[in-house]
1. Out of the residues in region B:141-172 meeting the condition of being assigned to a helix (DSSP H, G or I) and over 22 Å from residue B:115 (Cα atoms), tell me which one is farthest from the other protein chains (Cβ to nearest Cβ).
2. Which one is nearest to the other protein chains (Cβ to nearest Cβ) among residues in region A:354-387 that are touching a His at 6+ places or on another chain (Cβ under 9 Å), surrounded by 23 or more Cβ atoms within 10 Å (Cβ to Cβ) and not aromatic (Phe, Trp, Tyr)?
3. Just to be sure before I move on: is residue A:321 assigned to a strand (DSSP E or B), modelled with pLDDT of 95 or more and either buried (at least 23 other Cβ atoms within 10 Å of the Cβ) or within 13 Å of another protein chain (Cβ to nearest Cβ) (or both) in the structure I sent?
4. For region B:276-292, which residues satisfy the criterion of being without any contact (Cβ under 8 Å) to a residue 12 or more places away in the chain and surrounded by fewer than 12 Cβ atoms within 10 Å (Cβ to Cβ)?
5. Strands (runs of 3 or more DSSP E) wholly in region B:411-492 with at least 2 residues that are of a type in the set (D, E, K, R) - which ones?
6. Would you point out the residue of region B:19-30, among those that are buried (at least 22 other Cβ atoms within 10 Å of the Cβ) and not β-branched (Val, Ile, Thr), that is nearest to the other protein chains (Cβ to nearest Cβ)?
7. For region A:27-49, what are the residues that are within 26 Å of the chain's Cα centre (by Cα) and of a type in the set (A, V, I, L, M)?
8. Let me confirm something: among B:448, B:458, B:507, B:470, which residue is surrounded by fewer than 20 Cβ atoms within 10 Å (Cβ to Cβ), under 23 Å from the mean Cα position of the chain (by Cα) and of a type in the set (A, V, I, L, M, F, W, C)?
Amino acid sequence: MIEETLVLFKNIRNPDYDKSLKGYKKSGGFKALKKALKMKPEELVELVKSSGLRGRGGAGFPTGLKWSFMAKNTGKPSYLICNADESEPGTCKDRELMLKDPHQFLEGMMIGCYAINCRHGYIYVRGEYFPSIKSLNAAIDELYADGVLGENAFGKGKGLDLTVHTGAGAYICGEESALLDSLEGKRGHPRVKPPFPAVAGFNACPTTVNNVETLTCLPFIVNEGPEAFAGFGPPNNAGTHLVSLSGHVNQPGVYEVRMDVTLKDIIYELGGGIRNGKKLKGVIPGGSSSPVLTAEEIDVEYNFDALSKAGTMMGSAALMVFDEDTDVIKLLHRITRFYNHESCGQCTPCREGTHWARLIVQDFLKGNGNERKMKRLQRVGGNMMGTTVCALGDAAAMPITSFVKKFPLEFEKYYTQAAA
Amino acid sequence: MPVFEMDGKPVEFEPGEKVLSAAMRAGIKIPHYCYHPGMSVVATCRMCMVDVIDMGNGRPAPKLQTSCSMDAVEGMKVETKNEKVQEARELVMEYLLINHPLDCPICDQSGECVLQDYSFEYGSGKSEMEYSKRVYGWRDIGTFVALERNRCIQCTRCDRFTREITGTNEFGMFNRGHELTVDTYSDRPMINQFQGNMADICPVGALTEKEFRFKRRAWKLKKTPSICVGCSTGCNVTIEYDRNEVFRLKPRDNPEVNKWWMCDLGRLTYKTLNQRQNRLGNPLGKTGDGLQEISWEEAFNAISGKIKELQPSSTEVLGLVDTHASNEELYLFKKLLKQGFGSDLLCFPEPDWEQPVSDFFIDSLITSDKTPNRAGARLLGLKGEKSVDAVLPKLTSGVKVLLVLGQPFDVESLQVQAASIPLVVNISAWNSGWTQTADVSLPGRLHAEKEVTYTNKAGRVQRVQTAIRAHHKTRPDWMILCGLMEMLDVENQVDSTESIFLEMADAEQGFKELQWEELSSDGLNVPQTLQDPGRTEVSELSKTA
């Protein structure tokens, strides 16, 4: 029987937990920050590097390495921006962290700020997350009142401010450079890279953008040491991670697991199996932008490397399960509709491609599909891959190409049925 | 300079330069829509993709790169014509045309449309799009440019123009995804004074000049490089005309003067070139019955007869000139007075003028000095007078001969006074108050009808070329002045603008060492720095970009 490994959810899974500052401190909170403040920022960066922590936002980039790219001695302030825009369909892990244990996350954020010499951190929260925003703001108020944040946060005269900024509902603002634009008050359009944010990010200053879950891992790493964190999972996939399990399972929810747990175990043991005893048809393993897996392919470890080997990706670890009754074409239509709506529209292939792809899928739904259109869909989707400024083009392309590749019979069924 | 390789050919670049801009300087064509050298790089049209087969470190780039945003690196190898690149371009072309109305037959951009050109050159000619296109209604966004949103390819040049170049921010992008479109904010009309540039930088027919709409197909227009004479900035322009009718002025890029831009007022000056009303088409002589058309011979004879009769001394000859006259004409006029009559009495109107200064370069293009050659007059050492009141006493102090070039101090009080002067000669392209006053009026030509040079406010001497034909009985002003000199037996060997310019460069300190051959249409700076006491710098409120 697979069980959760509780690191980030240690407090949240405790029914008696009091999420206020008092409660968090009682549970051992802010020890890590004290420990971190005794270290030099560079040592902290090395510590995180050696822990093997990889970004939990989707790309899985090593966090310590990302920090070490920050331009130094520029004479400009450095910024740590927390990406709490969590907009990938199916993902809801950051919401839990911010809502149910805000102080743990804020401690992580403060450690992060200290590591990269940031004196003003921003938390860019998805606009729809009203309860999380409320909870975060209340927690920050508590920290200011307690003197943990403010003028002397990092010792005398070394202050830290944290600001919560809410998005306005655009998926693209979860892309880090679009997020920075949005935070600056502009239209959220992804920027051309280079320059990368580590050189010229928020207000053209060196900036690191980290995910909520990534930052929340920091207190544990500092407290227990990098080895303890790395010890949780297979090599190169350190730590536990939060899986947002949704779809046709008996017990959907956010689960914290080690990275050597298989996809199958998550679905059938943590998730309690498929709803109403149906058979599994497929799984979207890492948010709607990841290539789909069929029922036969789920016996794979749920981590960055294993999934990438299986031709898909872990993304933000949003696991969407669908059963045998699911109409795959309708599902794909919903996904293409989403990307059609959320494409920012600046790059030609994505702007026109997402729209065109939706129209083609819609054609299948109307019964106007044929083999030629299937090939065209494959081509239109594929052409968005790697041809745009940001990863939204790829994100829109991957489900399309993978659905056509993995469920050709479903498409066929649509147009043969229509013909009959 | 460091070098990288493009299609096997070496291309020089400045450190930090992008591949596309280095290639453009080297004359290699890479198709692009969103890139504009004057604005920030967004790399969104994806048309300028190139294949970097060696990034300078022996490794190829993982995928095609946008050359507009890619830094050039020493030793880099770039291919712009291989199959991969061609495929990518075909793809972009196909995608851009999905929602484009393809209304070329009724589109004004047709013939100078980059979308058209690239479709022809790089497109596959096929489309598999079978659904209805996105359609927008008509929007009126102001007086100068017309917006047709259906044709837009979302390159965002216009949006960046109002943000980065004018700083007025009244135009922007709306909506997302395939509905991304351009419009003005809050349904307000455009307010900046440089809207015409938006039509210029628009690669398609989404923004077109209202002045030019439906007047001529672009491919019928002939083009001659020239400068704008609307103010003392002297923006470099191209005069575009057909059948001797000027249809528009387009800015010609010159980094030293106007970069890529010009103002809307300047654009509208094309109208004066077509104006027939109020132009002098014939020499006019005053007889008992009023003004009568006479021949050039009669005109010259009348003038020389009168001068012989008056025998004016050097203090009895006065010249008035306005600074619409070119360097050559001012020089000849000065020479005529000096050598023909021994007179130094020459003045031009020199009111104070304002030079806007702001964070945005483009604001500096409009000055309140609306004449093109005031700096030239100053360089020639001519005397300027601020007001008409200062000129009036000169007319009353026993002047026998008054020569007026252009329409300086064109006010009635002066002309009433001048009526009592025995001989008033006016050389001008326009029928003005001076024409009515003058005993003999000689029809000159406008700047587009002759080849001359002007000196702009910063001391840059710029040449204009003959674009359109003038009325056959008019003559270039310099030729008229030469005729007058011949009549007065002044030694004169010049017979072309070039020879006048050479003589002037020889004789005048202000134009020392300027070479006619080097004076291409981009112009040359005069050797000295200009001081103009009439110039006041007015700071435009720093707009926030």
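1. Taking the candidates together, the pick is B:165.
2. Result: A:355.
3. Answer is yes for this residue.
4. Once the filter is applied, which keeps residues that are without any contact (Cβ under 8 Å) to a residue 12 or more places away in the chain and surrounded by fewer than 12 Cβ atoms within 10 Å (Cβ to Cβ), region B:276-292 yields B:276, B:277, B:287, B:288, B:289, B:290.
5. Ranges flagged: B:460-464.
6. B:20
7. A:32, A:33, A:36, A:44, A:45, A:47, A:48
8. Testing whether each residue is surrounded by fewer than 20 Cβ atoms within 10 Å (Cβ to Cβ), under 23 Å from the mean Cα position of the chain (by Cα) and of a type in the set (A, V, I, L, M, F, W, C) leaves just B:458.
The values are calculated or read from the model by the stated rules, or taken from the named source; none is laboratory data. Since the model is a prediction, treat every value here as computed from it, not as a measurement. Ideal geometry is used to build each Cβ from the backbone, glycine not excepted, and the neighbour counts take in all protein chains shown.
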